[in-house]
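*Asks:* Can you keep this structure in mind? I'll have questions shortly.
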Amino acid sequence: MKAMVLARPAPIETRPLRPLEREMEPLASGWVRIQVEACGVCRTDLHIAEGELPPHRSPIILGHQIAGRIIESTDAARPVGMSVGVSWLGATDGSCPYCAQERENLCDRPVFTGYDVDGGYAECTDARADFTLPLPRGMTALQAAPLLCAGIIGFRALRVAGVERGERVGLFGFGASAHLAMQVLRHWECEVFVATRGARHKILAASLGASWVGDAMDTPPERLDRAVTFAPAGDVVVAALASLRKGGVVAINAIHLDRMPSFDYDRLLWGERQIRSVANMTRADARDFLDLAAQIPIRASVETFRLEEANEALRALKNDAIEGSAVLVLSEALGRNR
Ligand SMILES: [Zn+2]
Ligand SMILES: [Zn+2]
């Protein structure tokens, strides 16, 4: 099978992912083999490709928003032919204190897809059966792929921020994750304020029903109940904090921040304001979000790339040139329908 393989992290402009033919190993017990139909491209992939997140394994196949069909199975609950998704949380130990408290997102020994084990920038991939996510009926692989990290973790960020129906919520940065979270917020009848750079991001935010759209460091005209930051920049967290009412919460949806700048405690954090990070996801988050996404229904805005164009997709993401989500499209059929 064909795959795009990262042997050594390097600036994405130097095209560190190389095409390679790989033999698949025999399928391990408790695992399924998936023919990848679509794989979403995430900012975390960019951080791994460029080395901001240290390599866990080398060489590695990136990609943790995998939508496809099971072609070989060792688990009766995940039969051949089933449409499934694979997300960032590839497996947990199931035995650490966090797993025991249903906080598997914080597992002490997690296995991350496309980081600890090979992911979906490939024609075929293996995944732990009990961590695959059955896709809602009628959801295409192309629509499902961007939901599997950007969507689920964006949804978790709304939960971590404690969003309640009808509240005023700020989204700082407006890419793959935010444009999906926004659709959940509108469904919950929230008033949404979007601060982002890039004309296309602003247009997308307005078209999805933002009450206000401003530049990245602009202050929304109203005090916010909650805010979620999506940019990998600590300055944005401070800007979000500055827009909160007393008792408000900022949730940081970013696995990596450039730095956390110092800020004025008396003016910005006092008044029981909170800053919380959002780490990974649980399978419960995934199930709840995929059900909700099918019900709303959420429409991911996608830009498609071929598998061989993985470097270009990551580069476009780095340059803020993607409107919505970048998705690698694997199957010929999907390619014709896109
Ligand atoms: Zn654990
Ligand atoms: Zn991701």
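*Asks:* Can you give the extra length, in nm with one decimal, that the chain gains between Val111 and Glu72 once fully stretched, where that is 0.36 nm per residue apart less the Cα-Cα distance?
*Replies:* Answer, rounded to one decimal: 11.9 nm.
*Asks:* Okay, moving on. Under Stokes-Einstein, with the Kirkwood radius over Cα pairs standing in for Rh, what whole-number D in µm²/s applies to segment 151-277 at 10 °C and 1.306 mPa s?
*Replies:* Stokes-Einstein gives a translational diffusion coefficient of 114 µm²/s.
*Asks:* On to the next question. Along the charge dipole of the chain, Cβ charges K/R +1 and D/E -1, which of Gln65, Ala284, Ala161 sits furthest on the positive end?
*Replies:* Ranked along the dipole, the leading option is Ala161.
*Asks:* Moving to a separate point now. Using modelled amide H (1.01 Å from N, peptide plane; none on Pro or chain starts), what sits under 5 Å from the amide H of Leu328, excluding residues fewer than 5 places away?
*Replies:* Result for Leu328 returns Cys39, Gly40, Val41, Phe305.
*Asks:* Extension gain His187-Arg22, at 0.36 nm per residue separation less the Cα-Cα distance, in nm?
*Replies:* Gain in length upon complete extension: 55.0 nm.
*Asks:* Excluding same-chain residues fewer than 8 positions from Lys2, which lysines have a Cα within less than 30 Å of its Cα?
*Replies:* Here the lysines satisfying the reach criterion relative to Lys2 are Lys318.
*Asks:* I would also like to ask the following. Averaged per residue, what accessible surface does the chain expose to a 1.4 Å probe, in Å²?
*Replies:* Ligands and nucleic acids excluded, the result is 43 Å² per residue.
*Asks:* Could you work out the relative contact order of segment 1-102? I mean the mean sequence separation of Cα pairs under 8 Å and 6+ apart, divided by the number of residues, in percent.
*Replies:* Rounded, it is 27 percent for segment 1-102.
*Asks:* Could you calculate the FRET efficiency of Ile296 with Met260 from 1/(1 + (r/R0)^6), where r is the beta carbon distance between them and R0 is 35 Å, rounded to 0.05?
*Replies:* For Ile296 and Met260, the calculated efficiency is 0.55.
*Asks:* Here is a further query. Only sites in a loop by DSSP and with at most 10 other Cβ atoms within 10 Å count here; which GluC sites (Glu not before Pro) in segment 27-94 make the cut?
*Replies:* none
*Asks:* At what distance in nm do the modelled label points of Glu312 and His56 sit from each other, each positioned 7 Å from its Cα along Cα→Cβ?
*Replies:* 3.0
*Asks:* Using +1 at the Cβ of each Lys and Arg and -1 at the Cβ of each Asp and Glu in the chain, identify which of Thr196, Thr219, Leu171 lies farthest towards the dipole's positive end.
*Replies:* Farthest towards the positive end: Thr219.
*Asks:* Another question about this same structure. So what J values fall out for segment 75-81 if you push phi through Karplus, 6.51 cos²θ - 1.76 cosθ + 1.60 with θ = phi - 60°, rounded to Hz, Gly and Pro as x?
*Replies:* 9, 4, 6, 10, x, 4, x
*Asks:* Of the heavy-atom accessible surface of segment 89-242 (probe 1.4 angstrom), what whole percent is carbon and sulfur?
*Replies:* So the carbon and sulfur contribution to the accessible surface is 48 percent.
*Asks:* What FRET efficiency comes out for the pair Ser277/Glu303, r = Cβ-Cβ distance, R0 = 35 Å, nearest 0.05?
*Replies:* 0.80
*Asks:* How large is ³J(HN,Hα) for each residue in segment 57-73, as worked out from phi by the Karplus curve 6.51 cos²θ - 1.76 cosθ + 1.60 (θ = phi - 60°), to whole Hz, x for Gly and Pro?
*Replies:* My calculation for segment 57-73 gives 7, 8, x, 9, 9, 6, x, 9, 10, 9, 10, x, 10, 6, 10, 7, 9 Hz in order.
*Asks:* For every helix of n ≥ 4 consecutive DSSP H residues, a contribution of -39,500 (n - 2.57) applies; sum these over the chain, divide by its total residues, and give [θ] at 222 nm rounded to the nearest 500 deg cm²/dmol.
*Replies:* -7000 deg cm²/dmol
*Asks:* Extent of the chain along each principal axis, from alpha carbon coordinates, in Å, largest to smallest?
*Replies:* 59, 43, 37
*Asks:* What are the ³J(HN,Hα) couplings of segment 190-195, residue after residue, when phi is run through the Karplus curve with 6.51, -1.76, 1.60 and θ = phi - 60°? Round to Hz, x for glycine and proline.
*Replies:* 7, 8, 10, 10, 10, 10
*Asks:* List every residue whose amide H lies under 5 Å from the amide H of Ile71, counting only residues 5 or more places away in sequence or on a different chain, with H placed 1.01 Å from N in the peptide plane.
*Replies:* Those qualifying (amide H under 5 Å, at least 5 residues apart or on another chain) are Arg33, Ile34, Gln35, Gly81.
*Asks:* May I pose another question? Give the long-range amide H neighbours of Val117: residues separated by 5 or more places, or on another chain, with amide H under 5 Å away, using H modelled in the peptide plane at 1.01 Å from N.
*Replies:* Phe112
The values are calculated or read from the model by the stated rules, or taken from the named source; none is laboratory data. Keep in mind the model is a prediction, meaning the values are calculated, not measured. Please note: Cβ atoms are built from the backbone with ideal geometry, for glycine as well, and neighbour counts cover all protein chains shown. These accessible areas exclude ligands, DNA and RNA; they are computed on the full protein's heavy atoms, side chains included. Shrake-Rupley method; radii C 1.70, N 1.55, O 1.52, S 1.80 Å.
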